[in-house]
Structures are given as C-alpha cells and as structure tokens.
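Here the structure is laid out as structure tokens; the discussion comes afterwards.
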2 protein chains.
Amino acid sequence: MAGVDGGILIPAETLRGWTRRVFERLGVGEEDAALVADSLIEANLRGVDTHGITRVLGAYVRRLQGGAVNPRTAFTILRESASTALIDARNSLGQVTANHAMRLAISKAHTTGVAFVATAHANHYGAAAYWAMMALPEGMIGFSATNALPTVAPAGGLTPMLGTNPFAVAIPAGHEQPMVLDLATTVVARGRIVLHAKQNKPLQPGWAYDAAGRPTLDPQAALQGLLAPIGGYKGYGISLAVDMLCGVLTGSSFGTRFPSARGDNVRDPRDVGSLFAAINVASFMDLPEFQARMDAAIREIKACEKAEGVTRIYIPGEIEFETKAKRLAEGIPIPEVVVEEFQALGRELALPFPVAWT
Amino acid sequence: MAGVDGGILIPAETLRGWTRRVFERLGVGEEDAALVADSLIEANLRGVDTHGITRVLGAYVRRLQGGAVNPRTAFTILRESASTALIDARNSLGQVTANHAMRLAISKAHTTGVAFVATAHANHYGAAAYWAMMALPEGMIGFSATNALPTVAPAGGLTPMLGTNPFAVAIPAGHEQPMVLDLATTVVARGRIVLHAKQNKPLQPGWAYDAAGRPTLDPQAALQGLLAPIGGYKGYGISLAVDMLCGVLTGSSFGTRFPSARGDNVRDPRDVGSLFAAINVASFMDLPEFQARMDAAIREIKACEKAEGVTRIYIPGEIEFETKAKRLAEGIPIPEVVVEEFQALGRELALPFPVAWT
C-alpha cells in the first residue's frame, strides 16, 4: 500500500466490505447497505472521489445517526402511467429509491420505448452516472438528474438559490466504451471544494465566489459563498431547469426551500427530487446497427487533429473507465486525513477500519 | 419606421405575409409556408434574430432553389411505439417535420405521460424553443434538440467535428411567464458570428477560434474556424451527447459526416436529426398545483439579492417575452444590409419587399 497523492492505496473490496457493514450497523438492511456501498465505491473506482466514501461517508453516517435519513425503505408510488411514475421516497436513502426508480424506468421503456420516473422527498443518491449507466446493459440510453442544496446564485444574483443540480447521460456503444457524461452545472462540483478544504489546497480561478460575490481561491470562503455556473447565464438556466423538473414537479423542495439549508445539518430531511429516464434504442434502431454507429462516432472524434501539447482526445467517461481499471488493479487512494477519519468512525461503531495507519 | 441599431422597424405582419409568399413562390404548400414563416418571424419577435428571417431566409431560399431541400412534404414513420416514434423527414423543410413530430409527442404524452419523437434526414428547423413551447398550452413540459453542421472541436482538438447542437426546455407556469431555456452548447450560436460578419462587427473575447485554433475577434476568421463550447469539456460533452441522440440514434448524419459540410452548400441535403419530447405535468402533479409552485419558484428567484450594478434577475425566456411584446408594438428591426438583401430577393422572385428604402 504505497502512498499516493498523500494517501494510501486500499483494495476496493476491502473498502466495500467495511462500508457495507457501516451501513448495516446503522440499521440499513443487508441488500440496501450493499447497494449504497457499491454506489459509493464505484464512484471512487471511477476517480469521482467527490461522490465516493472519501467525501460523503461521514455525512451519510451522521445523517443516519441524527435521524435525518430513514434507514429502512418505505417508499410508495404516488402516480403512475404507462411511461411515468412518481415515487415518494419517504426520506429513504437516495440510492435505494434511485435504484428502484431506474429499474422501473427501464421496465416501462421495454414496453413503451421511453420512460421518465421521478422520486420525491428523497436524499443524496451519489453520482448521477451510476443510475444512468444502469440502462446500458439493457440496450438503453440512460439519464438521471437531481436537485441539491443551494450553492449557486442566479445570473446577476448574490444569494445561493440553486444547487449544482447535476445530470448524467449514458449511451451504449459496441466495441468502444459507452459515452458517459456526468456533470454538475457548475464549473466544479461542491464536493471538489470540500475536498480542497479538507486537504487545505487553494482553488483554481473561476471555480467559486465568496459570500460577497467576489472571486475566491480560498476553499473555506467558497464553502460559505457561491459556485460559478458553466457558461454564465447558460449554466444558471440549466440548473434552474433541473430544479424545476426535480424539485417543483415532484413536490419536493426547490430553490432555497430545503429543510436542511446547510450540508452539515444532520437532523432535518434533505427533501430533494430526482429524475430517471430510459430510452430503448431498439425503438429507434436495431441495437447492433446503433452500436456500430456509436463505435464509428467515437473513433472519428478520437482521431481529431490535436491542439498543441494534447496527446489524446477523450470521450466523456473514458478517463473514468481507465481509472476504474487502474484502481481495481492497484487499489483506491484514500487521503491520509480521510483514513484517520475512517479509523475514528470504525472505533465509534466497533467496526475497525481494516487498514492500519503506519 | 424609425432607424434602430442601423436598421428599420417593420411590422411583424408585413414581414410574415411577404415571407410566406416567398416560400409559396418556391413551391412550398400554403399551410407549410405559413408554418415556416411563423417560426422565423417568431424568432425575430423574440429577439432571436440569428434564427429569424434576418439571418436564415436567404439560405432557406437558396437551398430550396438549389434542390437541397424538398419543398413538398413526404415524410414517413419508420418506427413507432406507445411513447416513441422515428420519422423519416425525407429532406422536408425542418419546420414541417418538427411540427408533426412535436404534435405526435404531445399526443402520445397525453396517453402515456411522456413521449420522445425523433426526426431523421431533416433540415434546419429554426429556433429549438419554438418546438419546446408547443407543449405549454397542453399543460406539458416541452423539450427539443437538434444536431447541426460541425463548427466545434472536441476538447483538445483542432478540427470542427460537432455542431452547436442546441436544445430547448419549456416549462409552464401560472401567472408568471413560462421558463423557456434555449441554448447552443457554444458560448454563442454560429448565427451570432454570421450576423457580426454581415455587419462587420468584431466578436467578443472567448466566443471563437480561427482555423488554427487561436482565439479570434474576426468574424470572418471565426466562420472558417471554431466556436468555443460552454464550460470547456462540459459543453463539448453536452454537444457530443446531442449529436449521438439526434444524429447517431436516428440514422442521420453525425460528426463530420454531413453531405453539405459547409453552410453555403445549396445542393446537398443537410441530413440533420432532431429530438422532440413532451412530459405531461398531470402525470406527476395536478396542473394548478404545479403552476402555483412554478410561480413561487420564479418569484423567489427574481427576488434574489442583486450583485452590484444589477437591477433585475431574469428567468430564462423572460427577455424574449418582453422583446416580443415590444416588437409586436413597434415592429421588428431589420438591419439596412438585410433590407437590401430582401429587396434584391423580392425583385428576383417578383415579390417586391413591402418596405421602400428611403
């Protein structure tokens, strides 16, 4: 376990097993604990550490302990039609309802060609790509989006009124890796700022503003301030549309109306809404033909003439597939400060973190 | 008709009538000519002059005259399921198939809650918002996207391989105006560059690159070069996803594979693909409740504390609604150079442009 980027490389299976038991210890059912652990470890494997245990495990634990999240699932379907459903998550773990919602969307899309399923009164569901990618083995295109606690101001505004409101699209290919786009509507995700704050690293210019709306490189000031949206008013518009679809349409919170207005609140429900969609490729084109066309599109893009200093053109998701292969082989790098955090958590729950700190 | 921005104010109805007759003179049926004229004049009314007659009428005329576009509709449905359809536009005018596709999506969404309809082998359909907004009076959320001729390089690349690939989302409100987001995945649309080139106005920094990939303020150099995507690799990813959904999935052209690789080609079909979706609000929430929640969301955003020098917070589409009211009252400003172009076109078609140049 060599040190890497100031951390230790730990096998994914070691982390997965411990994470699953942490959730079980907090009252989450066996199957659900395995699902939540898989969604978080998968994010770490893909290099999306902002959505892996690295960043969010502590918050998940505190919110389960504080009563903000219901460890046992009790969701109900509020409305349903041939191609849609609205699920009341009833404050379940975000991953548990997301999994159910995406499976329902896929099942409906098998029948009607396309389906949209939304969850209301839900929690953080991890990385959006995890849910969109569930469509891939079904020969479908997957989509997911969620709203989130306000950290972004409308164009021209000074107050955080919108979340980073990420969305993901996953499109299957043939011999090539699928196209997996997963992006926050801000230049960087809030988790990136949190990670920089934890590691005491300055931000890059253009990422965030402080509480007075001034550009800042200080992660602590940015956490009290605003994230910058992509393309100015365009990113603001996308974020607002996601909030209206995920929050307003589902009956969940939107804008500034979240019961737990701050991320460190461990008692009040998050009350986010999320969307899940599946498009059955075969409703438009035979899957093998589509896969061949996707392979061609991907290869043509990658063969693009490169700008000076550029050695490769990447397809969205490609870096994550390569990172996953590498981390499956070498282990997931966990920063030292996070290892210490996990060791403390392990002592608290009588589930020793299975890596000795040397 | 006072001069404005170097142009003349002309009543919308005058422009609409003349535009309709131009299309009829070129062999387009009466109903279709009225639809195309309405889509272009509506863009001008909303202040989106890049998608109005100001910019595109000449190109539409030349492509009909050159045989690149079929003036008579002959589209067929290739595949259909309860919530999807794929329409072969057979090179009809983009607006004619877009109108049919969006109506079909709305009709299906009434039954199944949501629908996705795609068109293949189609042409430029004007502003994406026009089609998304058709959902609004039906109590639905509308969506549309299209691919386009390559003008954008992948992140790290030097060659245009993707279009601006715009998309639009329209969400109904109650007393407030609907939220209408319509954006190209580039910092500006190609039409904005064309308009600057026509008016010999320099570009703003960050809009475009020349053919060598260097930033440029010269609109002519930019037309030979590259548009800059929003948020760097994020805008590239969105543009690629739109191309895969609109081009690859529909069997239309994608990437660099367009038969008319340049916008000034008037003989070869454009062969773009487009997407149209409708989500029935009532499948998730009673419409009056949704409208009230949308009104609240919009009012709360607009009440946001403002940055220094900002007098108003705008909702996407709000400026366009106000511009439309103003232009309906005062007329649509047409730059002098475009008036001259229309006068020449009027002489050519023996349909005098109904505004004397004084």
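All of the numbers you see were taken from the coordinates with simple rules; none came from a lab. This structure is a prediction, so every number in the text was calculated from the model and none was measured. Reconstructed Cβ throughout: ideal geometry from the backbone, glycine too, with neighbour counts over all protein chains shown.
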Run the helix sum for chain B: -39,500 (n - 2.57) per DSSP H stretch of 4+ residues, divided by residue count, reported at 222 nm to the nearest 500 deg cm²/dmol.
-12000 deg cm²/dmol
Please give every one of the aspartates and glutamates within straight-line cross-link reach of B:K201, meaning a C-alpha to C-alpha distance under 19 Å, and leave out same-chain neighbours fewer than 8 residues apart.
B:D5, B:D49, B:D210, B:D218, B:E336, B:E340, B:E341
I need the calculated FRET efficiency for the pair B:R257 and A:E289, taking r as the beta carbon distance and R₀ as 25 Å, to the nearest 0.05.
0.95
Using alpha-carbon pairs under 8 Å, 6+ residues apart, how would you state the relative contact order of chain A in percent?
22 percent
Coordinate range along principal axes, alpha carbons of the stretch B:89-147, Å, largest first
29, 19, 16
Residues whose modelled amide H sits under 5 Å from the amide H of A:F353, counting only those 5 or more places away in sequence or on another chain, are A:G346, A:R347
Centre separation in Å (Cα based) which lies between the stretch A:238-278 and the stretch B:287-358
32 Å
At q = 0.14, 0.19, 0.24 Å⁻¹, base-10 log of I(q)/I(0) for the stretch A:132-217 (Debye sum, equal scatterers on each alpha carbon)
-0.62, -0.88, -1.12
For the protein assembly as shown, with +1 on Lys and Arg beta carbons and -1 on Asp and Glu, the positive-most of B:W18, A:A68, B:G191 along the dipole:
B:G191
Got the A:A59 label distances to the other copies yet, label 7 Å along Cα→Cβ, in nm, shortest first?
4.3
Can you list the distances in nanometres, one decimal and ascending, from the B:L328 label point to the identical position in each other copy, with the point 7 Å along Cα to Cβ?
5.9
Which of the lysines could a cross-linker bridge to A:K306, judged by Cα under 21 Å and excluding same-chain residues fewer than eight apart?
B:K234
Relative contact order, percent, the stretch A:145-227 [alpha-carbon distance under 8 Å, six or more residues apart]
24 percent
Report the dimensions of the protein assembly as shown along its three principal axes from the alpha-carbon atoms, largest first, rounded to Å.
89, 49, 48
Straight-line reach from A:K108: which lysines fall under 27 Å, measuring Cα to Cα and dropping same-chain residues less than 8 apart?
B:K108
Return the long-range amide H neighbours of B:M179 (sequence gap of 5 or more, or a different chain), with a cut-off of under 5 Å between placed amide H atoms.
B:I171, B:A173
P(r) of chain B over all Cα-Cα pairs, 10 Å bins starting at 0, rounded to whole percent, reads 5, 23, 33, 28, 10, 1
So for chain B, taking the charge dipole from beta-carbon charges (+1 Lys/Arg, -1 Asp/Glu), which of B:L104, B:L217, B:L158 sits furthest toward the positive end?
B:L158
Using the Karplus curve 6.51 cos²θ - 1.76 cosθ + 1.60 with θ = phi - 60°, what ³J(HN,Hα) values do you get for each residue of the stretch A:133-140, in whole Hz, with x for Gly and Pro?
5, 4, 6, 4, x, 8, x, 10
Spatial separation of Cα centroids for the stretch A:55-80 and the stretch B:97-149, in angstrom:
37 Å
Scaled radius of gyration (Cα, divided by 2.2 N^0.38 Å) that the stretch A:1-100 gives:
1.22
Using each residue's phi in the stretch B:229-235, evaluate 6.51 cos²θ - 1.76 cosθ + 1.60 at θ = phi - 60° and report the 3J(HN,Hα) Karplus result to the nearest Hz, with x for Gly and Pro.
x, 5, x, x, 5, 5, x
Under a point-charge model restricted to the Cβ atoms of Lys and Arg (+1) and Asp and Glu (-1), what is the dipole moment magnitude of the protein assembly as shown relative to its Cα centre, in debye to the nearest 20?
220 debye
With +1 assigned to the C-beta of every Lys and Arg and -1 to the C-beta of every Asp and Glu, and no other charges, what is the dipole magnitude of chain A about the Cα centre in debye, to the nearest 20?
700 debye
Return the FRET efficiency for the residue pair B:K201, A:L217: r is the Cβ-Cβ distance, R0 is 35 Å, and the value is rounded to the nearest 0.05.
0.50
For the stretch A:11-68, report the translational diffusion coefficient in µm²/s to the nearest whole number, using Stokes-Einstein at 4 °C, 1.567 mPa s, and a Kirkwood Rh over Cα pairs.
116 µm²/s
Debye log10 I(q)/I(0) for the stretch B:288-358, one point scatterer per Cα, at q = 0.13, 0.14, 0.16 Å⁻¹
-0.65, -0.69, -0.75
Measuring from a point 7 Å out along Cα→Cβ, what nm distances, shortest first, does B:P215 have to its partners in the other copies?
1.1
Going by amide H atoms built from the backbone, whose H comes under 5 Å of the H on A:I87, apart from near neighbours?
A:L78, A:A118, A:T119, A:A120
